[in-house]
Amino acid sequence: MRVDPYNQISQVYKTGKTIKTKRTVAASPLDKVQISSGGYDYQIAKQAVAKAPDIREDRVATLKAAISSGSYEVSGDDFATKLLEKYNEKNNLL
């Protein structure tokens, strides 16, 4: 006689029989999503930023014209101040 382990396991766990159950679903309200006014404002602002160009062409054109004509001047003090600000920002992040 051959013993089939599957049959023994199915007998132990009673997997050979399928039991049909009746499923009842209680009436529940529909899920709703509410976005706060702050979230809505954030979404509108994000869309506006996405539509805005990355480069301000009018500002770039003005600077290019000033550089080309030789009238663009940078103060040494202003340059040093900005350089130190950027240096300090970088070192504070580390």
Of all residues in segment 55-79, count the ones that are within 35 Å of the chain's Cα centre (by Cα), charged (D, E, K, R) and loosely packed, with under 10 Cβ neighbours inside 10 Å. 3
Could you tell me which numbered condition K46 fails, if it satisfies all but one of (1) modelled with pLDDT under 90; (2) assigned to a helix (DSSP H, G or I)? (1)
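The values are calculated or read from the model by the stated rules, or taken from the named source; none is laboratory data. Just so you know, these numbers come straight off a predicted model, no measurement behind them. Don't worry about glycine lacking a Cβ; one is built from the backbone with ideal geometry, like all the others, and counts go over all protein chains shown.
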